[in-house]
Amino acid sequence: PTMAHSKALLVLENFIGGKFVPCSSYIDSYNPSTGDVYCRVPDSGKEEVEAAIKAAKDAFPIWSSKSPLERSQIMNKLADLIEHDLEAFAQAESKDQGKTITFARTVDIPRAVHNFRFFASSILHHVTECTEMPAMGCVHYTSRAPVGVAGLISPWNLPLYLLTWKIAPAIACGNTVVAKPSEMTSVTAWMMCKLLEKAGVPPGVVNVVFGTGAKAGEALVCHPDVPLISFTGSTRTAQRITERSAPHCKRLSLELGGKNPAIIFDDADLSQCIPTTVRSSFANQGEICLCTSRIFVQRGIYSEFLKRFVAEAKKWKTGNPSDPTIDVGALISKEHLEKVRSYVKKAQAEGARVLCGEGVDPLALPPGNQKGYFMLPTVIAEVKDDSCCMQEEIFGPVTCVVAFDTEEEVIRRANGVKYGLAATVWSGNVGRVHRVAHRLQSGLVWTNCWLVRDLNLPFGGMKASGIGREGAKDSYEFFTEVKTITIKH
């Protein structure tokens, strides 16, 4: 590109100690719907991360000594400011991530606003414990204090939504933070930084350092002055974080991948089940850790389900994410698109049937989106349980549909993967719903619905889907240290 062209690119800067700070080197960020570079992101390393940690440490005494109510008021102000700019944030998220403008407007940005409001409220309602020992003349009570500098690493699929889901509880509890968003989706985090001062967030309370996991993430995780790390992303990266944190005995919260089953019994209400299961398979291009990618259908309704499910999936329109009538946007990157496609090829090579989508139906894109990273919603049938398509997280608009006979069998098969994040169960039999929910190895089980969230309740996974839980009480416990005090009188 000519110099004139490169000048037009958006250039982000790190936000450290309340100021935007340029970086010595940058990386390109692509617009997934066109395949063009549209933004430059700092390629931060040790130096930048150290500066951010120092700013966070310096800000800690003042921020942690504020009352919960003062912190709450500031967080509510920040929520109002983001909400006021909701459209600008949604446009930026859609362009940067490839998701549809509709999804960004109705899910991502409203949820980011809600994250701040929710923790601004919940911080006012926590109570500590007290017990008495009259015979010993003693009373015991607990007190909770913020931990210090929190290292927060968030992924590219729901950029502002998952970043604020970490920042909000961390600062509500009185910690200061150094956050590292994904280098592929950094724009909305940078936009949020522009609002922090106006909201009354003191300098150094929220620092955002942009860059890759290998450089910036590594520096953050390895730093002795960051006692806790909250990470959402891949199981592989989490293993690395665990190893690097071990020498410092850091406290970890890890929300990782899923290979989530939907179990559809023959008494399910298909008029509800089919549209919801299409959504739970393909929402946000299938790039949500909670998406269902293994659909188990009881044999009696298998062929009817498949026919109706494929017909609904084919109605989903793929194209320019800024078009409000579009259901499926672009995948995050060229590499990711290739990876997702490779799973479909593997399934075909193993003898599975691709019923719609990739390689089966033509993909017609507008002229400006020909080089974008698009893929149609893809349904695969007759996949074997041990196939990589049934065992590994694909994280794209691909779902596998298989038949089952008995309740006992489907529980065993649903549990037969290394993950355990979410599951959905469809049945009109209330006893069966409870029985199956109890036996699924899954941190979340939705029955006859999907992705209905109460932020009060624990969120997180079993097995390779992570460690720890997030939510009102769980996040409070993670982001504070508890102390037991005994007084003899």
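The values are calculated or read from the model by the stated rules, or taken from the named source; none is laboratory data. Note that this is a predicted model, so its numbers are computed, not measured. Ideal geometry is used to build each Cβ from the backbone, glycine not excepted, and the neighbour counts take in all protein chains shown. In case anyone asks, the SASA skips ligands and DNA or RNA and just uses the protein heavy atoms, side chains included. Shrake-Rupley method; radii C 1.70, N 1.55, O 1.52, S 1.80 Å.
If we only count helices (runs of 4 or more DSSP H) wholly inside region 374-489, which ones have 2 or more residues that are open to solvent by 40 Å² or more (accessible area, probe 1.4 Å) and not assigned by the TED database to the domain that holds K339? Break it down into steps so the answer makes sense when it comes.
On the way: elements: 388-391, 407-414, 430-439, 472-478.
Once the helices (runs of 4 or more DSSP H) in region 374-489 are filtered for at least 2 residues that are open to solvent by 40 Å² or more (accessible area, probe 1.4 Å) and not assigned by the TED database to the domain that holds K339, what remains is 472-478.
Report, by residue number, each residue of region 333-373 that is under 16 Å from G396 (Cα atoms), β-branched (V, I, T) and open to solvent by 10 Å² or more (accessible area, probe 1.4 Å).
Result: V354, single match.
Can N448 be described as on the phi > 0 side of the Ramachandran plot and in contact with an Asp or Glu (Cβ under 8 Å, 6 or more places away or on another chain)? Walk me through how you get there before you give the answer.
Values: on the phi > 0 side of the Ramachandran plot: yes; in contact with an Asp or Glu (Cβ under 8 Å, 6 or more places away or on another chain): yes.
The answer is yes for N448.
May I ask you to list pairs of residues, at least six apart or on different chains, whose Cβ atoms are under 8 Å apart, with the first in region 239-264 being within 20 Å of P227 (Cα to Cα) and the second being of a type in the set (A, V, I, L, M) and surrounded by fewer than 17 Cβ atoms within 10 Å (Cβ to Cβ)?
Final answer for the pair search is L252/I467; S253/I467; L254/I467.
Please go through region 304-322 and pick out each residue that is among the charged types (D, E, K, R) and either open to solvent by less than 20 Å² (accessible area, probe 1.4 Å) or in contact with a Ser or Thr (Cβ under 8 Å, 6 or more places away or on another chain) (or both).
Selection gives K317 alone.
Residue by residue, here is whether (1) in contact (Cβ under 8 Å) with a residue 12 or more places away in the chain; (2) farther than 17 Å from D323 by Cβ; (3) open to solvent by less than 20 Å² (accessible area, probe 1.4 Å) holds:
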| site | (1), (2), (3) |
| --- | --- |
| A90 | yes, no, yes |
| G98 | yes, no, yes |
| A104 | yes, no, yes |
| A120 | yes, yes, yes |
| L124 | yes, yes, no |
| C130 | yes, yes, no |
| S143 | yes, yes, no |
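Taking P247 as the residue in question, decide whether it is open to solvent by 10 Å² or more (accessible area, probe 1.4 Å), assigned to a helix (DSSP H, G or I), within 30 Å of N429 (Cα to Cα) and at pLDDT 95 or above.
On the way: open to solvent by 10 Å² or more (accessible area, probe 1.4 Å): yes; assigned to a helix (DSSP H, G or I): yes; within 30 Å of N429 (Cα to Cα): no; at pLDDT 95 or above: yes.
No.
Filter region 181-198 down to the residues that are open to solvent by less than 10 Å² (accessible area, probe 1.4 Å), over 24 Å from P458 (Cα atoms) and in contact with a helix residue (DSSP H, G or I) (Cβ under 6 Å, 6 or more places away or on another chain) and list them by number.
If the condition is that a residue be open to solvent by less than 10 Å² (accessible area, probe 1.4 Å), over 24 Å from P458 (Cα atoms) and in contact with a helix residue (DSSP H, G or I) (Cβ under 6 Å, 6 or more places away or on another chain), then T185, V187, T188, A189 are the ones that fit.
Mind counting the residues in region 76-88 that are under 28 Å from E287 (Cβ atoms) and either in contact (Cβ under 8 Å) with a residue 60 or more places away in the chain or surrounded by 24 or more Cβ atoms within 10 Å (Cβ to Cβ) (or both)?
5
List the pairs whose first member sits in region 24-40 and is open to solvent by 20 Å² or more (accessible area, probe 1.4 Å), whose second member is of a type in the set (S, T, Y), and whose Cβ atoms are under 6 Å apart, counting only residues at least 6 apart or on separate chains?
V37/Y30; R40/Y26
When you look at M192, is it modelled with pLDDT of 95 or more, in the same structural domain as Y476 (by the TED database) and under 17 Å from E13 (Cβ atoms), yes or no? Give the steps one after another, and end with the answer.
Working: modelled with pLDDT of 95 or more: yes; in the same structural domain as Y476 (by the TED database): yes; under 17 Å from E13 (Cβ atoms): yes.
Taking the combined requirement at face value, the residue satisfies it.
Suppose the filter is out of contact with any helix residue (DSSP H, G or I) (no Cβ under 9 Å at 6 or more places or on another chain) and under 24 Å from G396 (Cβ atoms); does R240 pass it? Lay out the reasoning, then the answer.
On the way: out of contact with any helix residue (DSSP H, G or I) (no Cβ under 9 Å at 6 or more places or on another chain): no; under 24 Å from G396 (Cβ atoms): yes.
Considered against the rule, which asks whether it is out of contact with any helix residue (DSSP H, G or I) (no Cβ under 9 Å at 6 or more places or on another chain) and under 24 Å from G396 (Cβ atoms), R240 comes out as no.
Could you grab me the full set of residues in region 250-298 that are of a type in the set (D, E, K, R), touching a Ser or Thr at 6+ places or on another chain (Cβ under 8 Å) and part of a strand (DSSP E or B)? Working first, answer last.
Within region 250-298, the first condition is being of a type in the set (D, E, K, R), and the residues that meet it are 250-251, 255, 259, 266-267, 269, 279, 287, 294.
Subset that is touching a Ser or Thr at 6+ places or on another chain (Cβ under 8 Å): 255, 259, 267, 294.
Of everything in region 250-298, those that are of a type in the set (D, E, K, R), touching a Ser or Thr at 6+ places or on another chain (Cβ under 8 Å) and part of a strand (DSSP E or B) turn out to be E255, R294.
Within region 256-267, is even one residue assigned by the TED database to the domain that holds L290 and of a type in the set (D, E)?
yes
Looking at the structure I just gave you, is L124 out of contact with any Phe, Trp or Tyr (no Cβ under 8 Å at 6 or more places or on another chain) and assigned to a helix (DSSP H, G or I)?
Details: out of contact with any Phe, Trp or Tyr (no Cβ under 8 Å at 6 or more places or on another chain): yes; assigned to a helix (DSSP H, G or I): no.
No.
Taking the condition in contact with a Gly (Cβ under 7 Å, 6 or more places away or on another chain) and either farther than 20 Å from E335 by Cβ or at pLDDT 95 or above (or both), does L220 pass?
Numbers: in contact with a Gly (Cβ under 7 Å, 6 or more places away or on another chain): yes; either farther than 20 Å from E335 by Cβ or at pLDDT 95 or above (or both): yes.
So L220 passes the test.
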